[in-house]
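Data block below; observations after.
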Amino acid sequence: MNLKILISAVLLLIAVSLEAQIQEGKASYYADKFEGKPTASGEKYKHSKLTAAHKTLPFGTVIKVTSVSNGKSVEVRINDRGPFVEGRVIDLSRSAAEKIGLIHVGIADVKIEVVDAGDGKGSGPIKPIDHVVVDEKEFYEFDVDRINPNGFGIQIGTFQELANLVRLADNLKSSYQKEVTVQVKLINGVKVYAIIVGDFKNREKATDFKVKLQQRYPDAFIVEFDKI
């Protein structure tokens, strides 16, 4: 085999390899409770860093994650294993999730592409585990009342998956010491759940609280309960 043919063969193999490392599926993101806890690579999870968990890609791999619904993309580095939930392909750090608009929907369809294969140090052998489902063993106690609220609140986002809804509601209630209301509604025939924080008698107080919330949830906005 001459050099030209050899180079062509190598380039073809590289192209096939990269094509094989394009994956589509659902993405989710880390709950706040994981902040500072060690990942599978030994690094501590930091919500401010652009990192992610994947089931098989070597640690250090840089991938581009693109939201199918809005076209927004972010590049992240793999430093953890997961998500061990049926049907999901990637768990993003909070800051990465914010960049593609994932925070307000909780889970979304994405496409992931390998940008830099990295050195793969410490990754160990690659073993597909697509059908593993792990019970996260989260328990919540709460009372549910059907209400007719008045005044104003701050909507954080809408969700389709109950687990993400409950986690965020729990984080919001403990972080801000405010009541959390869930509005059930249909959007394009799909049932979704909107999380609304606070119960303010006037717009001025709601505006003051919105400024505080937007430090973590920049897309938060005021809603008037009588008009939604």
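Since every read-out is calculated from the coordinates, none of them should be taken as a lab result. Just so it is clear, the structure is predicted and the values come from calculations on it, not from any experiment. Cβ coordinates were reconstructed from backbone atoms using ideal geometry, including for glycine residues, and neighbour counts include every protein chain displayed.
The figures follow:
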| read-out | value |
| --- | --- |
| Inter-site label distance for V211 and S73 at 7 Å from Cα along Cβ, in nm | 3.8 nm |
| Segments 181-193, 52-64, 203-215 sorted - mean Cβ within 10 Å per residue, highest first | 52-64, 203-215, 181-193 |
| Global form of the stretch 14-106, assessed from the alpha-carbon gyration tensor, a/c cut-off 1.5 | oblate |
| Set of lysines near K227 by C-alpha distance (under 25 Å), chain-local residues within fewer than 8 positions excluded | K173, K178, K185, K191, K201, K205, K210, K212 |
| Ranked packing of 169-178, 70-79, most packed first, by mean Cβ within 10 Å | 70-79, 169-178 |
| Gain upon complete extension [S175, D219; 0.36 nm per residue less C-alpha separation] | 14.1 nm |
